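Beneath this line is the structure, given in structure tokens, with notes to follow.
The values are calculated or read from the model by the stated rules, or taken from the named source; none is laboratory data. On a predicted model such as this, the values are computed, not experimentally measured, just so you know. Please note: Cβ atoms are built from the backbone with ideal geometry, for glycine as well, and neighbour counts cover all protein chains shown. The protein model used for the area step is the full one, side chains on, heavy atoms only, and it has no ligands, DNA or RNA in it. Shrake-Rupley method; radii C 1.70, N 1.55, O 1.52, S 1.80 Å.
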Amino acid sequence: MQNPSLPLRTDWQLDEVAALFDLPFPDLMFQAQTVHRAHFSATQVQASTLLSIKTGGCPEDCKYCPQSAHFDTPVNASKLLDIETVITAARHAKEAGATRFCMGAAWRSPKERDMPKVTQMIQEVRALGLETCMTLGMLDAHQAHQLKEAGLDYYNHNLDSSEEFYKEIITTRTYHDRLTTLEHVRDAGINTCCGGIVGMGETREDRIAFLHRLATLPSHPQSVPINQLVQVEGTPLHGAHALDPLEFVRMIAVARILMPASYVRLSAGRETMDDATQTLCLLAGANSIFFGETLLTTPNPATHHDQQLLKRLGMHFESSSYAA
Ligand code: SAM
Ligand code: DTB
Ligand code: SF4
């Protein structure tokens, strides 16, 4: 049994990560469960609700993304939402049982003129008694401090994949750019939410290198979203070869073992995942989900379905860690 008081390792070696992926499935699951139970309740799941506060028309060319202006997708671009709309959505999310509200903008990075509105959103969502998370693209050090001062709890910025495979997916910014934004977020004292996407045509080696990179950052991201590609018509990755669901479960289990105290989120892609696969992910150490019927622009399972699934499993959603 892993001792929760042991320091978290950030010195994982690539071959150790590869060896975890190579374990027989029962041994991998046992190890992941053991680590999970040493740090968390095995029956609790944290729920975050997403809202796209500025949709589409993004100048970046991420090949998976329906919001990129480079591709002709069903997404209609819209301007930054007004505060009232955001607060109403946050209130509904809280009533449904979410403890964190994640606001996403299809930006390369926020403009100075957007910051007053964005910081007001953080303050007002927080005043409802919800944890706040934002994902607005690249941040400089000053912007990260502005968000921290407004009370932001988490900033989501994903590495997405291995450094090698990243180059095939995005050409408008570098892996290094991403690492720099993560550094600004950490230095500002904001919790990092950092993960990636699988099912984009990457190899097992890419998945190993990606998780290795996450687990050897200066500190583990407090929240690790593992997304399965949501295939959207018009994006270059539409039609990519689907990943074996058991490989997805392995991904979750290895993430759990490498980053024992982090929340590992079973993120995008649940809409096309059956209940049995989602259950295996929860057994493998996933302890957070996106809750609510839309992710940013694509569908997510119905809230009553998620509530039912947890009930069938004798599991429950985590209640809020702080009050308004
Ligand atoms: N524009 C900001 C950025 O990229 O940093 C924030 C929003 S962006 C939509 C947040 C994350 O959503 C991406 O880093 C990516 O990992 C994930 N994502 C986007 N499209 C996706 C898709 N089709 N399937 C799965 N995950 C996706
Ligand atoms: C993350 O890793 N997954 C979320 C969140 N961070 C912002 C986004 C998933 C987006 C899925 C595609 C869409 O709905 O547009
Ligand atoms: Fe823009 Fe983010 Fe989509 Fe990339 S993932 S195209 S940066 S919204």
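Summary of values
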item	result
Compactness of segment 245-305 as Cα Rg over 2.2 N^0.38 Å, two decimals	1.10
Highest-MSF residue in the chain out of GLY57, GLY239, GLY292 [GNM, Cα springs under 10 Å]	GLY239
Whole-Hz couplings from phi, Karplus 6.51/-1.76/1.60, listed for segment 17-30; x for Gly and Pro	5, 4, 5, 5, 4, 7, 4, x, 3, x, 5, 4, 5, 5
Segment 1-80: trypsin sites (Lys or Arg not before Pro) in DSSP loop, at most 11 other beta carbons within 10 Å	LYS79
For segment 180-324: Kirkwood Rh in Å [reciprocal of mean 1/r, alpha carbons]	16.2 Å
Pairwise Lys count, segment 51-124 - Cα closer than 22 Å, eight or more residues apart or different chains	8
Candidates PRO218, PRO26, PRO260, ranked by Gaussian network fluctuation over the chain, Cα under 10 Å, top entry	PRO26
Solvent-accessible area per residue for the chain (1.4 angstrom probe, square angstrom)	42 Å²
Translational diffusion coefficient (Stokes-Einstein; Kirkwood radius from C-alpha pairs) of segment 11-128 at 25 °C, 0.890 mPa s, in µm²/s	137 µm²/s
Antiparallel bridge percentage (DSSP; both residues within the chain; nearest 5)	5 percent
Net +/- balance of residues flanking HIS212 in space, Cβ distance below 15 Å, scoring K and R +1, D and E -1	-4
Radius 14 Å from Cβ of LEU23, net charge of other residues (Lys, Arg +1; Asp, Glu -1)	-2
CD proxy at 222 nm, helix term only [per DSSP H run n ≥ 4: -39500 (n - 2.57); per residue of the chain; nearest 500]	-12000 deg cm²/dmol
Heavy-atom accessible surface of the chain: percent carbon and sulfur, 1.4 Å	53 percent
Space enclosed by the convex hull of the alpha-carbon atoms of the chain, per residue, Å³	124 Å³
Environment charge at ASP306 (Cβ cut-off 14 Å; Lys +1, Arg +1, Asp -1, Glu -1)	-1
Mean-position separation - Cα centroids, segment 104-162 and segment 182-203, in angstrom	14 Å
Selected from ALA141, ALA90, ALA268 as most flexible by GNM, with the chain as the system and alpha-carbon contacts under 10 Å	ALA141
Cysteines in the chain lacking a second Cys C-beta under 4.7 Å	CYS58, CYS193, CYS194, CYS281
